[in-house]
C-alpha cells in the first residue's frame, strides 16, 4: 500500500480553453480574452495534464456520481441521489484507515438523501450559491434591474436573479464570496488534519465558476468596464439573440472570465496551504471540472442536451503525482469514471476496482503511455443527443428531423464545418461505437431510428447512411 494522500478539486463549469495553461496562444473569442489562471497554471507545470478529458453522463450530479463511484451514469441513470448500493470513494478509503472530508458550496449536495457526504468523517456545506433556498428575497442592497435586461424580466428570469442576489446581500469583502470560503475552509481542514499525512482524502468541490457570474468588483474590472449596466450575471438559455444584444453577450463572456480568475486566485490560496504544510508532496492531487460552459459559441448560453461541442465537453483535467513526478502533457483520452479506479490502483487497492466500469489510466500517469481510451461517449440521460469522440473526430447524433454532425477537431476545433456528408465512413465508424446499450436509448425515444438489433442510421444533409455494428 502506498501511503499517500488523495485530494480532489472540482470546479464546476470550467471550460478547458479558459485555463491559460491550455490556451497558450491566449486566443480571443469574439472580442473577449480568455481567463487568466496563474495558480492553476502553477499546478499544471507539476502535473500530468490531459488535453482529451471528457465527462460521460451530464451534468452536475451524474458527473459527481461517476467521479466517486467509478461507474458510468450514461445511459443507465438520470440526475439522482446515490443509492444504498453505490460504494463511494469516501466509504472505500475510510475503511482503509483514511481520514475523509468534503467541503463544498455545490448546493445540490445538501438536498435530503443525496448522500454525497456518505463515508466522510467530516463535511461542510457552504450555503447560498445560485438558487439555494438560503435567504428570503428581495435583496436590500442591490437592485435586480442592475443585473437583468428587459427581455429577461419579461421571461420572469429576474426572479431567479433576485433569489441569488438575496443570498449574497451581505457580501462586502472578497473573503465573503463563495470560492474564497470554500478554499479557505479547505485550507483550515488541511492544517487541522495534517498529522494524518499519508491517510487523508479531501474532496473540495467549488460550485464556481458556475453561473451566476458575480465575482468581487476588483475581478470584474480586469475584464469589464465598471460603468457598464446592467451586468447580466445570469444568462438565459435558448438562442442568445432572442434575449441579448451582441454587446450584452460580450459582457456576459467577460463576466465568466472574471469569475474564473477569481476562483483561480482562491485555489492558489489552497495550493499554497498544501505546499506550506508539506501535505502537497505526499499527495495524489486531481484538479478537474465536471463540464465546460457554452458562452454563445454556437448561439446559446448555458448547458443543454443539444450543446455537444468542445465548449461543454472539453474539461481541464490534471493529476499531480507525489513530488510532482512525471509532469507532462498527454493526448491520452480519459473520462471521469476512470478516476476512481486509477486512484485505488495507485494507492494499492486495485482489488477494490474489479466491479467498476471505469478503466485505470495508471500506465499513462507512471509509464508514459499516450493512449488510454479509443473513444468516449457523452450526453444527458434525459436527452436524445449523443456525442462520440475519438481524439480527432466528433460525431453528434441528433433527434429525427435534424442532421447529424461530424467535425474534424484537429482542423476545426471551433466545430463550424459539418462533414457528415463529406466523410460518411468516419461518421459510421464512430456511430458503431455506441453499441446496443447506448442505442436502446435511441430505440425507445426515437422509434425506428435504430434499424434491427445491430445498426443505426446516420442522417446527413444530402443523404442517410446505415451502419451496422
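The coefficient of translational diffusion for the stretch 216-281, derived via Stokes-Einstein from the alpha carbon Kirkwood radius under 25 °C and 0.890 mPa s, stands at 178 µm²/s.
If you take the C-alpha gyration tensor of the stretch 164-208, multiply each eigenvalue by 5 and take the square root, what semi-axes do you get, largest first, in whole Å? Here the semi-axes work out to 28, 11, 6 Å.
If I take R0 = 51 Å and measure r between the Cβ atoms of residue 408 and residue 188 in this structure, what FRET efficiency does the formula 1/(1 + (r/R0)^6) give, to the nearest 0.05? Numbers along the way, then the final one.
Numbers: r = 48 Å, r/R0 = 0.94.
Taking R0 as 51 Å, the efficiency between residue 408 and residue 188 is 0.60.
Could you estimate the translational diffusion coefficient of the stretch 233-364 from the Stokes-Einstein equation, with Rh from the Kirkwood formula over C-alpha pairs, at 25 °C and 0.890 mPa s, in whole µm²/s? Translational D for this selection: 139 µm²/s.
Remark on the stretch 72-142: Rg and Dmax equal 15.5, 49 Å (Cα only).
The helix-only estimate of mean residue ellipticity at 222 nm for the chain, built from DSSP H runs of length n ≥ 4 each weighted as -39500 (n - 2.57), is -8000 deg cm²/dmol after division by the residue total.
When all alpha carbon pairs of the stretch 384-433 are counted in 5 Å bins from zero, the resulting P(r) reads 5, 24, 34, 27, 9, 1 %.
The modelled label-to-label distance between residue 217 and residue 169, using points 7 Å beyond Cα along the C-beta direction, is 2.0 nm.
So between residue 86 and residue 425, what do we pick up on full extension, going 0.36 nm a residue minus the alpha carbon distance? Show your work: numbers first, answer last.
Details: separation 339, 0.36 × 339 = 122.04 nm, distance 3.95 nm.
That pair, residue 86 and residue 425, stretches by 118.1 nm at full extension.
Separation of the stretch 91-146 from the stretch 2-70 is 21 Å, based on Cα centroids. PRE reach from residue 127 (point 7 Å along Cα→Cβ): which of the stretch 187-228 fall under 20 Å by backbone N? Only 205-208, 212 pass the distance filter. Legend: Rg and Dmax of the stretch 348-396, from Cα coordinates, 14.4, 39 Å.
Which number comes out as Rg/Rh for the stretch 5-367 once both Rg and the Kirkwood Rh are worked out on C-alpha atoms? Don't skip to the answer; put the middle values down first.
Values: Rg = 19.7 Å, Rh = 20.7 Å.
Answer for the stretch 5-367: 0.95.
Our Cα-only numbers for the stretch 1-109 put the radius of gyration and Dmax at 16.9, 52 Å. For the pair the stretch 341-390 / the stretch 167-212, the C-alpha centres are spaced 28 Å from each other.
Once the Cβ-Cβ distance of residue 417 and residue 176 is raised to the sixth power relative to R0 = 51 Å, the FRET efficiency obtained is 0.65.
Please rank 365, 74, 409, fewest neighbouring Cβ atoms within 10 Å first, as an exposure proxy.
Working: 365 21, 74 24, 409 17.
Ordered from fewest to most neighbouring Cβ atoms within 10 Å, 365, 74, 409 come out as 409, 365, 74.
Readers should treat all values here as calculations from the given coordinates under stated rules, not as data from a laboratory. Because the structure is a prediction, the values reported are computed rather than measured. Because the Cβ atoms are built from the backbone with ideal geometry, glycine has one as well, and the counts that use them run over all protein chains shown.
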